[in-house]
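The values are calculated or read from the model by the stated rules, or taken from the named source; none is laboratory data. As the structure is a computational prediction, the values presented were derived from the model and not from experiment. Reconstructed Cβ throughout: ideal geometry from the backbone, glycine too, with neighbour counts over all protein chains shown. Protein only, heavy atoms only, side chains kept; ligands, DNA and RNA dropped before computing areas. Shrake-Rupley method; radii C 1.70, N 1.55, O 1.52, S 1.80 Å.
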Amino acid sequence: MTELILSLDVLDRKQAVSIAEACAPFIDAIKVGYPLVLATGLTIASDLADLALPLIADFKVADIPNTNRLICEAVFSAGFDAVIAHGFVGADAARTCVEVAHKHSGAAYIVTEMSHPGATEFFHGGVAERLAELAVSSRADGIIAPATRPERITRLREIVGSKAIYSPGVGAQGGDIDTVARLVDGVIVGRSIYEAEDPGAEAERFSRIRR
Ligand code: O7E
């Protein structure tokens, strides 16, 4: 089954909770990033806790090991179940995120290549492949790979094997959900759901990938 992950990038606490409640029956996890956390604080995790869905903190953590540790400790203490980190800072820093996640019985995912057009400037030419290798050697739980470039997902799958691949970039960024759903463990969808007139109905429509 391919999971459907809601990217909850709205700026208002009540709106976030109401969209999450409407989508909850049709999704497998909720990804919360800087837009919502900067607007509401980490307490948004408690507000979403009643839905009993895994909460992924998309902070793309990218600092020295000690600062990564402090960030990840705050994330898991707030009630998140997983964290997303960058790997380009090096194996020691990425491994710190994985260690803190596992200490809290949570998960850590490493970004290997991003979905926007500019991502090719730095991630191509072997970098994404090296980041995927780093995710494997750091014992991360999975990687983030671009729904906008399915051929890159296929290439990165060769490196990470059965590790989870979660993929943003369908809908608003142009990626095709059916193509990508066959290649990954989870598809991350934001605007196509939360900007819809009826986010619950749209989540239900996307949830066909879970079958
Ligand atoms: O385009 P949308 O509205 O469907 O939202 C996509 C979400 O995925 C949004 O939060 C964005 O910040 C995030 N994202 C990408 O779009 N591309 C990437 O390469 C990586 C991410 C991301 O979430 O990284 C960690 C999972």
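Tabulated data
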read-out	value
Amide hydrogen neighbours beyond the local backbone of residue 139, cut-off 5 Å, H modeled	none
Alpha-carbon centroids, the range 82-139 and the range 36-70: separation in whole Å	17 Å
Relative contact order, percent, the chain [alpha-carbon distance under 8 Å, six or more residues apart]	22 percent
Derived scalar couplings ³J(HN,Hα) [the range 86-99; Karplus, 6.51 cos²θ - 1.76 cosθ + 1.60; whole Hz; x for Gly, Pro]	8, x, 5, 6, x, 5, 5, 5, 5, 4, 4, 5, 5, 5
Average accessible area per residue (Å²) across the range 7-163 - probe 1.4 Å, nucleic acids and ligands excluded	44 Å²
Calculated FRET efficiency for the pair residue 130/residue 173, C-beta based, R₀ 22 Å, to 0.05	0.35
Cα-based convex hull volume of the chain per residue, rounded to whole Å³	108 Å³
CD proxy at 222 nm, helix term only [per DSSP H run n ≥ 4: -39500 (n - 2.57); per residue of the chain; nearest 500]	-12000 deg cm²/dmol
Column: log10 I(q)/I(0), Debye, Cα scatterers of the range 68-163, q = 0.16 Å⁻¹	-0.62
Isotropically averaged projected area of the range 1-121, using the convex hull of Cα atoms (one quarter of hull area), nm²	8.1 nm²
Quotient of C-alpha Rg and 2.2 N^0.38 Å, computed over the range 42-89	1.18
Stretch gain in nm, segment residue 14-residue 42, where the contour uses 0.36 nm per residue and the Cα spacing is subtracted	8.6 nm
Solvent-accessible area of residue 34 with every protein chain in place, 1.4 Å probe, in Å² to the nearest 10	110 Å²
Percent carbon-and-sulfur accessible area, the chain, ignoring ligands, DNA and RNA, probe 1.4 Å	51 percent
Amide hydrogen neighbours beyond the local backbone of residue 59, cut-off 5 Å, H modeled	84
Taking N as its residue count, the alpha carbon Rg of the range 140-211 over 2.2 N^0.38 Å	1.11
Relative packing of peptides 97-105, 124-132, 144-152 - highest average C-beta neighbours within 10 Å first	144-152, 97-105, 124-132
